[in-house]
């Protein structure tokens, strides 16, 4: 199945951030792993787009990162913070409300 390009990257930025927080809430994440996970959901995102997003979530105290070493290679791993969990919980309520408006009663 050929994936369609995202028509408006700005429109999907919030959804991608929610995906990142969701997955970080389940287990620690890292850049390439989350890029692959997002691809499974139909988002084509480059490292050049993802890493500033991760840094922004970290700056807002939604994520915390640490460097993990494996031999000579290092990998930055991100975990959700308590503030990130609160933000994700609030977003879930808003997404559920939006989902209802988008699909219930509109024949969507």
ask   = Taking region 70-90 as the search range and keeping residues that are buried (at least 16 other Cβ atoms within 10 Å of the Cβ) and touching a helix residue (DSSP H, G or I) at 6+ places or on another chain (Cβ under 8 Å), which one is farthest from residue 35 (Cα to Cα)?
value = 87
remark   = Here the residues within region 35-85 that are part of a strand (DSSP E or B) and farther than 12 Å from residue 24 by Cβ are 66, 67, 68, 69, 70, 73, 74, 75, 76
request  = Run down 54, 67 and say which single residue is without any contact (Cβ under 8 Å) to a residue 60 or more places away in the chain and surrounded by 10 or more Cβ atoms within 10 Å (Cβ to Cβ).
outcome  = 54
remark   = (1) surrounded by fewer than 10 Cβ atoms within 10 Å (Cβ to Cβ); (2) closer than 23 Å to residue 90 by Cα; (3) at pLDDT 95 or above all hold for residue 36 apart from (2)
key: Cβ-Cβ under 9 Å pairs, at least 6 apart or on other chains, region 77-91 side free of Cβ contacts under 8 Å to residues at least 24 places away in the same chain, far side assigned to a loop (DSSP other than H, G, I, E, B) and exposed (fewer than 14 other Cβ atoms within 10 Å of the Cβ)   = 81/61; 82/61; 83/60; 83/61
request  = Scan region 16-33 for residues that are within 21 Å of residue 95 (Cα to Cα) and in contact (Cβ under 8 Å) with a residue 24 or more places away in the chain and report the count.
outcome  = 9
query = Which members of region 10-24 meet the condition of being loosely packed, with under 15 Cβ neighbours inside 10 Å and more than 9 Å from the chain's Cα centre (by Cα)?
reply = 10, 11
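The values are calculated or read from the model by the stated rules, or taken from the named source; none is laboratory data. No experiment lies behind these values; they were computed from the predicted model shown. Don't worry about glycine lacking a Cβ; one is built from the backbone with ideal geometry, like all the others, and counts go over all protein chains shown.
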